[in-house]
Number of protein chains: 2
Amino acid sequence: MRKKTKATSVDIAYRAGVSQATVSRVLRGSPLVNIETRKRVEAVARELNYKVDRHASSLRTQRAGCIALLLFEDPTADESHINPFFLSMLGSITRACAKHGQDLLVSFQQLSDDWHADYENSMKADGLILLGYGDYLAYQSTLDRLVEQGTHFVRWGAVLPGQPGVSIGCDNFHGGQLVGEHLYGMGRRKVAFLGDASSHYPEFFARYRGCGVALHDLGVVMDPALQVDAESSEDAGYAAARTLLERGQPFDAVFAASDLIAIGAMRALTEQRLRVPEDVSVVGFDDIPTARFTNPALTTVYQNTQRAGEMLVDALLRQIRDEPVESQMIPASLIVRKSSGTPIADSED
Amino acid sequence: MRKKTKATSVDIAYRAGVSQATVSRVLRGSPLVNIETRKRVEAVARELNYKVDRHASSLRTQRAGCIALLLFEDPTADESHINPFFLSMLGSITRACAKHGQDLLVSFQQLSDDWHADYENSMKADGLILLGYGDYLAYQSTLDRLVEQGTHFVRWGAVLPGQPGVSIGCDNFHGGQLVGEHLYGMGRRKVAFLGDASSHYPEFFARYRGCGVALHDLGVVMDPALQVDAESSEDAGYAAARTLLERGQPFDAVFAASDLIAIGAMRALTEQRLRVPEDVSVVGFDDIPTARFTNPALTTVYQNTQRAGEMLVDALLRQIRDEPVESQMIPASLIVRKSSGTPIADSED
DNA sequence: CTGAAAGCGCTTACAG
DNA sequence: CTGAAAGCGCTTACAG
């Protein structure tokens, strides 16, 4: 004897002996209701297990009460695995949404998809959170369009002047600096960088520049011949390290633009009988859960994803309410583990 | 000059010189439209960047076109980290939903929350996917209620006779058998089990029983004194291994009910100067991404999460369409790595 | 093949 | 404090 028909506000009104409008007021928490009336309506609603119909409500108010999280990746990325760093962001975003009473729609997109128009125009979501590594220049025009259409969105990524929309991101430049200083402290002078280092990948680029500037300030120049492009995946890291090795340029440290890259690179190095960290220091970025368990454990840069998720949701909600919002950075901090080695008294050069 | 007002079907109708009803037919793909008319309407819709309002549409059709994924955990679980196994399920569920043109609402719940009524009664979602480890008996009554209310849902978990609703799960029993046989093959005779082994945690229990039966068939009895309760977390695994050690009963293998437990257990064993796998074989369950990287690399049981995600979504969609649906199991397969050791010619007993 | 009209279940001015 | 009424933007029988 299952109830096929869900209760509506009219049913509640009938049973509580009030008008449907009053039921609606009660359920919206309007102050314009007598306390007695309110109690009666609430009791009936609870009894009939009544929930406000979201679509009717949203249609009327023109608010979805929902945020869409768009996770996109380069089409080349491995289909089956999602970058664990984004997964952990997803976790904290979900929690932050719950805290603000917002629902969260999750979707994976290809960078090439026509994702820009869908969610807000169809009223599915009041705003968008954009998350993903990928070629920045390739989708900058899409961001411009979003701004132009008045779509509410925040982006996780590089925080740079003159960017369309609002971004929340890690202080990648400072993170890179920390790595550069640390590697210098370990006696390393020939630091390779694995990861795209161009404005196509502004986050990686900032990490690269940060490291370069730190070393420069210490009197060391990063050799461009020791930089190899790589997107954020283990396979790309492996391939990049192989390329680096084939170039034959000597190096004593690898700064990988992400932990995934670092893991792949360590595999390539080990295969070539190079010891980490004795022969080569390796440092990653992101502090994914696996980083503690690599062999040797990976020195890396930590970003507080919990915090980041909250800031993204906060910024978006503020934007939806037409409040002023600024792009912001969260701090980076270095987590020293075994893979970067122990200080070397005398450097080789 | 941003458009504050989104185009509606009336706008499209006006510009295309047809009735609003016809616009709706075109956008729903009704065959009852002249091809010329259709083209004209589509052109205008595209030009105005028109998307059907989801709420209006859903209100009318009484379908959300959306599925809700409810991820729940024991309240005791660590706030910040989500079980990586479920994260990877989330990934495949998201993809499967996209393939079926369904949106996906994601939410974390505490086992104690009042999650049962919300999503479908409020019409937010046409059905629910339930995902999570936790005390089964504690929420069985909730499942009963869901069934009684006619809520559409599928559950990831143990597949047992007489369960409310439909479940998709791994063949945990067989997975356990594989582990038992493998450990026996490694010469192990005193196998400890870390993880709850009662009907409160049917998945863990099935793994335990599978292992026990396999060993029994080989003439070995699992000692109940070597079983220690643990929920699926690293800390719980660590604590359970400590408890096991304190009991002073000799053991030469640990079957951990999940990889997270195994990782924590290995830490505890190593701290006590026990060598893995020389002194103790360790086997986990789930094959989370980190399993390849533990030291030694973790032997574990793999479940195809890609497949599982598709099956969950498929089953739910079928149920929503009132088609018959059965509970199903996906196969388990053993992944042998270093942590279970190399065969020992002579066993100790 | 097309249009006029009813109605999905709410929210919120408006009037009292 | 409460009710009657309009209307959010669609979908779909119904009539033609």
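Read the figures in this text as sums done on the coordinates, not as results from a lab. On a predicted model such as this, the values are computed, not experimentally measured, just so you know. We place every Cβ from the backbone using ideal geometry, glycine too, and count neighbours over all the protein chains shown.
Annotations for the structure displayed:
- For chain A, a Kirkwood hydrodynamic radius built from all Cα pairs, placed in the Stokes-Einstein relation at 37 °C and 0.692 mPa s, yields a translational diffusion coefficient of 145 µm²/s.
- Chain A, helix-only ellipticity at 222 nm - DSSP H runs n ≥ 4, -39,500 (n - 2.57), divided by all residues, nearest 500: -13000 deg cm²/dmol
- Site pair B:H216 and B:V336 shows an inter-label distance of 2.6 nm when each label is modelled 7 Å from Cα along Cα→Cβ.
- Nearest-first distances (nm) between copies at A:S19, label 7 Å from Cα via Cβ: 3.3
- Annotation: the antiparallel percentage among DSSP beta bridges lying fully within the protein assembly as shown is about 10.
- Values of log10 I(q)/I(0) for segment B:173-275 across q = 0.11, 0.18, 0.22, 0.24 Å⁻¹ run -0.27, -0.76, -1.14, -1.33, by the Debye formula with one identical scatterer at each alpha carbon and no solvent.
- Viscosity 0.890 mPa s, 25 °C: Kirkwood-radius Stokes-Einstein D of segment B:269-349 over Cα pairs, µm²/s: 159
- Remark: mean inter-chain Cβ contacts per residue of A:240-246 equal 0, using a 10 Å Cβ-Cβ cutoff to other protein chain atoms.
- Placing a label point 7 Å from Cα along the Cα-to-Cβ axis, B:Q140 is separated from the same position in the other copies by 6.1 nm, shortest listed first.
- Number of partner chain Cβ atoms within 10 Å, mean per residue of B:41-50: 1
- When the Gaussian network model of chain A links Cα atoms closer than 10 Å, the mean-square fluctuations of A:I12, A:I67, A:I129 top out at A:I12.
- For the Cα trace of segment A:8-87, dividing Rg by the Kirkwood Rh returns an Rg/Rh value of 1.32.
- For the cross-link pairs A:K99/B:K99; A:K124/B:K6; B:K6/B:K51; A:K6/B:K99; A:K6/A:K124, the ones whose C-alpha atoms lie over 20 Å apart are A:K99/B:K99; A:K6/B:K99; A:K6/A:K124.
- Taking label points 7 Å from Cα along the Cα-to-Cβ direction, A:L48 and A:R28 give a separation of 1.9 nm.
- With only Cα atoms counted, segment A:9-52 has Rg and Dmax values of 8.8, 23 Å.
- Highest-fluctuation residue, B:D279, B:D53, B:D171 considered, GNM on chain B with Cα pairs under 10 Å: B:D53
- Longest segment of chain A lacking GluC sites (Glu not before Pro) that sit in a DSSP loop with at most 15 other Cβ atoms within 10 Å: A:80-277
- Beta bridge orientation in chain B: antiparallel %, DSSP, nearest 5: 10
- A full extension of the chain between A:R273 and A:R318 corresponds to an added length of 10.9 nm, given 0.36 nm per residue minus the alpha carbon distance.
- Shortest-first distances to equivalent copies, position B:D217, nm, label 7 Å out along Cβ: 6.5
- Shielding by partners, peptide A:292-299 (average Cβ within 10 angstrom, other chains): 4
- Tail fraction, Cα-Cα pairs, the protein assembly as shown, threshold 45 Å, whole percent: 30
- Around the amide H of A:E73, modelled in the peptide plane, lie the amide H atoms of A:Q109, A:L111, all under 5 Å away and 5 or more residues distant in sequence or on another chain.
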